[in-house]
Structure formats: structure tokens, C-alpha cells
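The values are calculated or read from the model by the stated rules, or taken from the named source; none is laboratory data. These numbers come from a predicted model, not from an experiment. Note that we place each Cβ from the backbone using ideal geometry, even for glycine, and neighbour counts take in every protein chain shown.
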Amino acid sequence: MLAVSNLCSEFRRAAMTLGWIFLLCLSASTSAQSPWKTLETPAPASAQRLKVSETNTSQLLIQRTPPKYPEASVRAGIQGTVVLSLSIDMSGMVQNVTVVSGDPELAQAAVDAVRQWKYKPYLVQGSPVEIDTQATLNFRISTPAPPDLGFFHDDVYRNTYFRLYYPLSHDWVRETEIVRKQFAEQNHTTSTYVLLTEVHIPQDNTEPRADSSFTVFAVRRASSAASDNCKQYLDTLGSLIQTNKTGKLKGGVTQFTFATHDFYREDFESRNGVRDRSTLCTAEKDYLLLWRIDGWTWNAVELAVSTLNSLELPPAASSSQPAQSESVDTGPKITTPSKVKVSSGVTTGLIIKKVVPAYPEEARQNRIQGQVQLAVVINKQGDVVDVEVIDGPLDLAVSAVNAVRLWKYRPYLLLGEPVEVQSTVVVNYSLGP
């Protein structure tokens, strides 16, 4: 037992002696290579730009130039989001802008704007550094309030906003409401509006179709630049007609003036539908006003154009009150209104002559049927003096107007006096099995 203990003690002393020898050798080797130099941290590689989120860099933005919306994109209704990658140097200036995503035209406008942006320097431990980040730009076409669409009263279309005072005879039948509805269903543009639609149906007309019609559109202009005017619009229209081979131009663009409005006109023969057509254009405020005219003959087209001869500027509202003549007060007076609104049920009971409309042969062949709803004005003698188509198939409208114009009513009495009446009439067209 004692021998084993002595052996262990000798082993520990030998191990300690070897350890000290190893340390002395290692120290001698290191001192031989570099007696005085101490260990240093390796030099860092070239500094790289930090990546910083757009949320953080947006708080450093001190100069933001808004992008200019491309006019071609506005006309085409192009909207969307553009994402850019950019570098910002130590002074806060934008460098190396690249497109990550977005429509090409919108992206170019975004790049042009962002290059002019200015940021506060991004600091790390109090010192400015270069950074990489992103910028997101949204392009949205704001929806402007619609213009004044005007109204029709006493045989005159009135629109103060567009400076229109447009008298029309009873031979012109309005289809404004129904055309507005159809246009809204077929088009999703917010820059074009239907102001007025008129169809020429002479009082003695026996034909199942109108001889001409026109619709007045208000089309918002993308800018007020000289290149974006009526002449440019008609030149483009003519080029499209020739390129698509949908018609043949008749001469060039002509110019004339009605009621201080400068008009431009272009005529053409169409290969689809009504043959003879004309487009008239005048610029007013931020809009182009377009008369789209269709006629079965050129004489019918010219008849529609001739309605502009009656065009006037809206009369200025008089600020002075008419002079009041002195009179003796004889107590309360009861005045009879000149025109009243009456339900169709009441006016139906006043009919003394009802002409059945002829079914248009073309509509019959095409299996077109339904109801045509008309707004009518019946004078004090019981005659229909004004008609407007407000609903129903347009292929049946002329036939309905021709018939209802010949209807005769008993005068409507109010307080024992005949008055003019506004009402509605429904004409039914039904095909057999």
C-alpha cells in the first residue's frame, strides 16, 4: 500500500515538470518570432451599405417631389403601384434607382420623381452611412365630380356650366335618360357624360324609324394643352376610321362659330349601321363637347347640324325685380297653376281617342318586344304636344311616339279650369308564340 502511494507521488511530480517545460518552450518560440509585436484585430473588409426598411427611411424624408402622372396613362385609365429600389448616400441624396415592379410608364414617372428626393443622413453611432432601401409610389386617378348635365324645359335645353341655351322644336324627341342608362351599363369611364340625346321624328311622320338623331357628349380633357383640342380629336378619329376601314371620310375638318363657340366638324360615310354621319366638336372649360350625328341621308344630317343655328348663350339672370303696380287688396286670391303632374292612371281615364301603334317590321323579325315608357305633355285642349322616351327598346320608340302623338284626351280640369298636364304613357309590344 505504501509502495503504491509513493509511485503516485512520483508520477505527479513528473507531470508538473513536463508542463512547465512545455510552457517555457512555447514562450521561447513566440519570442523568437517577434520579440516586441503584440496581437492585433484583423482589418475589416470594405464597408457595405446597410439595408434599412422603407418605414424607417420614410421618417427621414425631408424633400419629396410628387411624380407627374403620364397623360397617356390618365387617358387610358392606367393605375397601379410602383416599387423602386434605391441607395442613399451619406449626405441623404438618392443614388442608383431601379424598378422592382410596376407599369413601365408609371415606373418611369416614379423614377424621375424619386431621383429628386432628399433624406436626412442615416446615422450609426453618430456617423452617417450609406444605405439601401425601397420606395413605394401609388398612382390613382382621382374621380372628379361630374359636370352639370343641364335640363330641358319649355322646349329648350339649358346648361349654364357649358354656356348652352339650345331651343329645339317638337319634331325632336328626347331619349336622354334611356341613352344615359345604356351608356352607363356599357361603359365604365368616368370622364364621358351624356348631356342630351334627340331623335328627329316629324309630326306627320308615318315611317317606323327616325330620319336623324344626335347625342351631345361631354368628354373630360386630360389637359388644356393646345395639342389636346377638337382638331386633334377629329384628326385621331379620322385616322382610326381609315385604319379600321369602318368608314370613308368626306373631306377634311372644317371650322365655324355658333354663339361664341368655335366648332370643328368632320363628316364620313359609315360601313356599319346608319350610313351618313358627322361629328362636331367644341371645347368648353375642361371638356370637349361632341355632337355625334346620324342620318339616313345627308340632308337629314344637315338638318341636325342646322339646329345649332338656334344655339344661344344662356340669358343672364336679372337682379332687378319687376315693378309692382299698386292695387287694392281684395283678400286672398286662388291661382291656378299652368301645368300639373298627373298619374298615368288618371290620364288613361281621360283618353277619348287612342291610336294603336304599328309594330315595326324589323323589330318583329328580330323578335324585339316589351314596353316603351313615354313622358308626355298634354295641353289644355287635350292634345299631346311633347314626348320624351324614358324607357324601353329604342327599336320600338319611334312607332310608340308616332301613335301617342295622335292620342286625344279630355281636358284636365283644376278648380274648374283646364290646365296643361305632365304624365306618363306605357305602350306595350308583344309578339305571339
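Quick look at the values:
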quantity: In the stretch 241-257, the residues that are surrounded by 17 or more Cβ atoms within 10 Å (Cβ to Cβ) and either among the aliphatic types (A, V, I, L, M) or under 21 Å from residue 308 (Cβ atoms) (or both); calculated: 241, 253
quantity: Residue check, residue 147 touching a residue at least 24 places away in the same chain (Cβ under 8 Å) and closer than 28 Å to residue 386 by Cα; calculated: yes
quantity: Residue in the stretch 106-114 that is in a loop (DSSP other than H, G, I, E, B) and either farther than 30 Å from residue 191 by Cα or not assigned by TED's automatic domain parsing to the domain that holds residue 190 (or both) present; calculated: no
quantity: Residue match in the stretch 393-404 (condition: without any contact (Cβ under 8 Å) to a residue 60 or more places away in the chain, in a strand (DSSP E or B) and either touching an Asp or Glu at 6+ places or on another chain (Cβ under 9 Å) or over 21 Å from residue 213 (Cβ atoms) (or both)); calculated: no
quantity: Of residues in the stretch 316-364 being among the charged types (D, E, K, R) and at pLDDT below 55, the one nearest to residue 382 (Cα to Cα); calculated: 333
quantity: Count of the stretch 367-392 residues which are of a type in the set (D, E, K, R), in contact (Cβ under 8 Å) with a residue 60 or more places away in the chain and either part of a helix (DSSP H, G or I) or over 21 Å from residue 181 (Cα atoms) (or both); calculated: 2
quantity: Residues of the stretch 258-267 satisfying the condition of being surrounded by fewer than 21 Cβ atoms within 10 Å (Cβ to Cβ) and in contact with a helix residue (DSSP H, G or I) (Cβ under 6 Å, 6 or more places away or on another chain); calculated: 258
quantity: Search result, residues across the stretch 150-159 that are farther than 19 Å from residue 387 by Cβ and among the acidic types (Asp, Glu); calculated: none
quantity: Filter result (assigned to a strand (DSSP E or B) and either acidic (Asp, Glu) or surrounded by fewer than 21 Cβ atoms within 10 Å (Cβ to Cβ) (or both)) within the stretch 292-309; calculated: 292, 294
quantity: Members of the stretch 127-162 found to be part of a loop (DSSP other than H, G, I, E, B), modelled with pLDDT of 90 or more and aliphatic (A, V, I, L, M), listed by number; calculated: 149
